[in-house]
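Okay, so here's the structure we're looking at.
The values are calculated or read from the model by the stated rules, or taken from the named source; none is laboratory data. Predicted model, so just to flag it, every value in this text is computed and none were measured. We place every Cβ from the backbone using ideal geometry, glycine too, and count neighbours over all the protein chains shown.
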Amino acid sequence: MAVAAGVVVFIAATAPNAAQLLKYFPGYKKGAKFKYQAQSTLGRLADAGLIIFVEKRGKRYARLTEEGQRMLILKARHPNKRKRWDRRWRIVMFDIAERRKSTRELLRRFMESYGFFRLQDSVWVYPYDCEDVIALAKAHFRIGADALYIIAEYIERDRHLREHFGLSQD
């Protein structure tokens with residue numbers, strides 16, 4: 001089995017669409033691509049009853065429940081600021097189409113109210129863990145694939161960011 005798996009990995013790396021061969025292996029399940037999702041932030045939020053998954057035209061989307069709406073409002077009013085910074089930056093980048101300009105502006109207002117620092121028009125930085133609230137916001141604003149949540153250990157010339165958030169300069 002291990003040799004077969006190695007062969008599949010080799011073929012998948014060298015041949016286009018080879019990943020489709022996985023469906024012929026024992027233990028492969030059609031819904032396996034969502035297995036990781038159950039262990040991810042979205043899975044935790046779904047388990048907590050804050051989001052549900054809906055299927056539309058063959059694709060799955062996360063949507064906020066009423067409890068999720070309340071949680072998003074609460075978290076926006078009271079951001080989760082740790083007492084000690086873990087020296088990692090949380091960066092949210094988004095690219096929302098012009099036809100959804102009002103959504104883009106609402107998202108910017110949300111990011112500002114949560115306490116993010118606007119690094120560029122659609123690039124926002126925050127020093128504390130906020131993955132759950134960003135996942136809720138992505139579901140609320142319906143921008144899942146249009147926004148990225150990044151955790152970075154280094155941003156060059158970050159002195160102004162550290163000063164803005166009152167973090168140590170060492």
Residues that are closer than 26 Å to Tyr126 by Cβ and at pLDDT 75 or above, drawn from region 22-60:
Ser40, Thr41, Leu42, Gly43, Arg44, Leu45, Ala46, Asp47, Ala48, Gly49, Leu50, Ile51
Please verify whether region 110-128 includes one or more residues that are farther than 21 Å from Phe165 by Cβ, among the aliphatic types (A, V, I, L, M) and touching a residue at least 12 places away in the same chain (Cβ under 8 Å).
no
